[in-house]
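Asks: Quick one: structure below, then a few questions.
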Ligand SMILES: Cc1cc2nc3c(=O)[nH]c(=O)nc-3n(C[C@H](O)[C@H](O)[C@H](O)COP(=O)(O)O)c2cc1C
Ligand SMILES: [Mn+2]
């Protein structure tokens, strides 16, 4: 056979990245495939939006698009559960995959490898365009009124109404070398101010400190209804100094279109539903929260947090505000944050030469644990004792930006599918020795939000971290008794082929 006889290789399916770079077309696609539903009645942003959205998450129902909201100007809309799990067959991760322009049937491994490939590609810088949909309506200065938007009270425990639950902050280092896009919540304070966390370990906190050290406010913008790929990248713990905008360009294969901010020299995505501009105060704080949170609990007290001053607002016609109603999994803190953490951690561990095949923050574990599948063939190499592996994971992960976020690590062999919680539970129950399997790291730094931390650990910012060893012990003689493990391949094939003939 000569080369010309051979059929041409099928071209890789061209990804349609338009929805990944434009929230409105992302929403259109969800509605078209039945993974979002236009709610046909007037709904109250006071708790009712939250209640419907929570129920949608918890039943894997389509994302609710609230087109008529009590007290809101006509045309102003809310989308709940923008990255909830889908109940459509074979499309559990469909809403997450759609954030990146991947097929709705993509598996967790396919999503993670896609995210990791872009971490090793050249960044693609954004391109400045003269205008875009986000500029269809604009107000500045004294005309700014955030109350114009239907700002929802999401849980009855919340200390206020949250405008920013699925949007991202934009800040830039004073020397201009580092632009940070990052997701964090913001609570409405009054017509022109918001309040929310800017933790010193997060990139917004680091850049805020640089400006404060100069005695200046931090120029700031917030994007709501952002390009979905940009939102996800803004929830990704990329290393310090890496600009998320260039990563999104690499991820989608084209530069993100941005427009110049009206007031402060930053650039904001042109394809956004709502853009806020202003500054993060160098010294003003106000009470924020409490709010139902990613770990699944609401605590009774709020905290003092920095104040964001809004000096200009612009929005697309008939703007859609996406909301995350945080709490019990699965919501976006698990499906988006957890997925982006998994990709960052997997890349970090692999790059350090550890025999890790896959990493997954089980959505059910509320971003409080990450499960690592260890490549059995590579771990049997000399030198990789269990003890050494546990130590190496701790040395690489715990001091890192991504490792700060997740307190618990579970090691399993790669016969376990770490994205299947049932297999992870089985491994935990049958492979972890209670006396010797749990390794604790009282000095490792960690996020102070973890519910079980002692007041002392919260104060010191360290402790409550562990690595649980579920690796099969040396000399283990069991094999897995299951459909996959206990029958010859030929018989399994026949049983599957004949399945309906058995009467199923
Ligand atoms: C829905 C959602 C809400 C989030 N809320 C917060 C938050 O309020 N505070 C925070 O520090 N991180 C929050 N995160 C996680 C950060 O976005 C994530 O850690 C990201 O890496 C931060 O950006 P940075 O790495 O550039 O600092 C949230 C993530 C998601 C998906
Ligand atoms: Mn960052």
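The numbers here are math on the coordinates, done by the rules we state, and not lab data. Keep in mind that what you see is a predicted model, and the values were worked out from it rather than measured. Quick reminder, even Gly has a Cβ in these numbers, built from the backbone with ideal geometry, and neighbours come from all protein chains shown.
Asks: What is the spin-label model distance, in nm, from residue 433 to residue 317 if the labels are put 7 Å beyond Cα along the C-beta direction?
Replies: Spacing of the two 7 Å Cα→Cβ label points: 6.9 nm.
Asks: Go ahead and estimate [θ] at 222 nm for the chain from helices alone: -39,500 (n - 2.57) per DSSP H run with n ≥ 4, summed, over the residue count, rounded to 500.
Replies: When only DSSP H runs of four or more count, the value is -7000 deg cm²/dmol.
Asks: Taking other Cβ within 10 Å of each residue's Cβ, how do 465, 408 sort, fewest first?
Replies: By the 10 Å Cβ count, ascending, the order reads 408, 465.
Asks: Just report the Cα centroid separation between region 419-460 and region 212-243, whole Å.
Replies: Value for the Cα centre distance between the two parts: 30 Å.
Asks: Rounded, prolate or oblate: which one fits region 46-160, using the alpha carbon gyration tensor with axes a ≥ b ≥ c (rounded when a/c is under 1.5, else prolate when a/b beats b/c, else oblate)?
Replies: Oblate, since a/c reaches 1.5 and b/c is not below a/b.
Asks: Using alpha carbon centroids, what distance separates region 65-121 and region 295-372, in Å?
Replies: With region 65-121 and region 295-372 each reduced to a Cα centre, they are spaced 14 Å.
Asks: Calculate how steeply helix 386-397 sits against the longest principal axis of the alpha-carbon atoms of the chain, using the helix alpha-carbon long axis, and give the answer as 0 to 90 degrees to the nearest 10.
Replies: 20
Asks: Describe numerically, in nm with one decimal, the distance between label points set 7 Å from Cα along Cα→Cβ at residue 420 and at residue 452.
Replies: My value for the distance between the label points is 2.6 nm.
Asks: Could you grab the relative contact order for region 18-114? Cα pairs under 8 Å, six or more apart, rounded to a whole percent.
Replies: Contact order relative to length: 23 percent.
Asks: Would you work out the Kirkwood radius for region 18-114? I mean one over the mean of 1/r across all pairs of different Cα atoms, in Å.
Replies: About 13.8 Å for region 18-114.
Asks: Enumerate the residues in region 88-112 having an amide nitrogen under 20 Å from the point lying 7 Å beyond the Cα of residue 16 toward its Cβ.
Replies: 88-107, 111
Asks: What is the gain in length, in nm to one decimal, between residue 240 and residue 350 on full extension, counting 0.36 nm per residue of separation less the C-alpha to C-alpha distance?
Replies: Full extension of this stretch gives 37.7 nm more.
Asks: Exposure proxy check: 274, 116, 170, 467 ranked by fewest other beta carbons within 10 Å?
Replies: Placing the least packed residue first, the sequence is 116, 467, 274, 170.
Asks: If we count other beta carbons within 10 Å of each Cβ, what is the order of 501, 484, 95, 282, fewest first?
Replies: Sorted ascending by nearby Cβ count, the order is 501, 484, 282, 95.
Asks: Once you sort the root eigenvalues of the Cα gyration tensor of region 20-74 as a ≥ b ≥ c, which label holds: rounded (a/c under 1.5), prolate (a/b larger than b/c) or oblate (the other case)?
Replies: oblate
Asks: Once fully extended, how much extra length lies between residue 388 and residue 212, figured as 0.36 nm per residue of separation less the alpha-carbon to alpha-carbon distance?
Replies: Going from the current span to full extension adds 59.1 nm.
Asks: Based on the Cβ-Cβ distance of residue 479 and residue 59, what FRET efficiency does E = 1/(1 + (r/R0)^6) give at R0 = 35 Å, to the nearest 0.05?
Replies: 0.40
Asks: In Å, what is the Rg of the alpha-carbon atoms in the chain, and how long is Dmax?
Replies: Taking only Cα atoms of the chain, I get Rg and Dmax of 23.7, 76 Å.
Asks: Could I ask something else about it? How big is Rg to Rh over region 147-279, alpha-carbon atoms, Rh as the Kirkwood inverse-mean-distance radius?
Replies: We get a ratio of 0.95 for region 147-279.
Asks: Report the gain in length on full extension from residue 492 to residue 201: 0.36 nm times residue separation, minus Cα-Cα distance, nm rounded to one decimal.
Replies: 99.6 nm
Asks: Can you work out the FRET efficiency for the pair residue 283 and residue 364, with r the C-beta to C-beta distance and R0 = 41 Å, to the nearest 0.05?
Replies: Here the calculated transfer efficiency is 0.50.
Asks: So if R0 is 51 Å, what FRET efficiency would residue 500 and residue 147 give, r being the distance between their Cβ atoms, rounded to the nearest 0.05?
Replies: 0.30
Asks: If you don't mind, another one. Tell me the relative contact order for region 332-470 as a rounded percent, counting alpha carbon contacts under 8 Å between residues six or more apart.
Replies: Over region 332-470, the number comes to 23 percent.
Asks: Please state the shape class of region 111-153: rounded when a/c is under 1.5, otherwise prolate if a/b exceeds b/c and oblate if not, all from the C-alpha gyration tensor.
Replies: Oblate, since a/c reaches 1.5 and b/c is not below a/b.
Asks: Could you give the spread of the C-alpha atoms of region 380-436 along their three principal axes, from largest to smallest, in whole angstroms?
Replies: Answer, in whole Å and largest first: 30, 30, 23 Å.
Asks: Another question, if that's okay. Given contacts defined as C-alpha pairs under 8 Å and at least six residues apart, what's the relative contact order of the chain, whole-number percent?
Replies: Computed value for the chain: 14 percent relative contact order.
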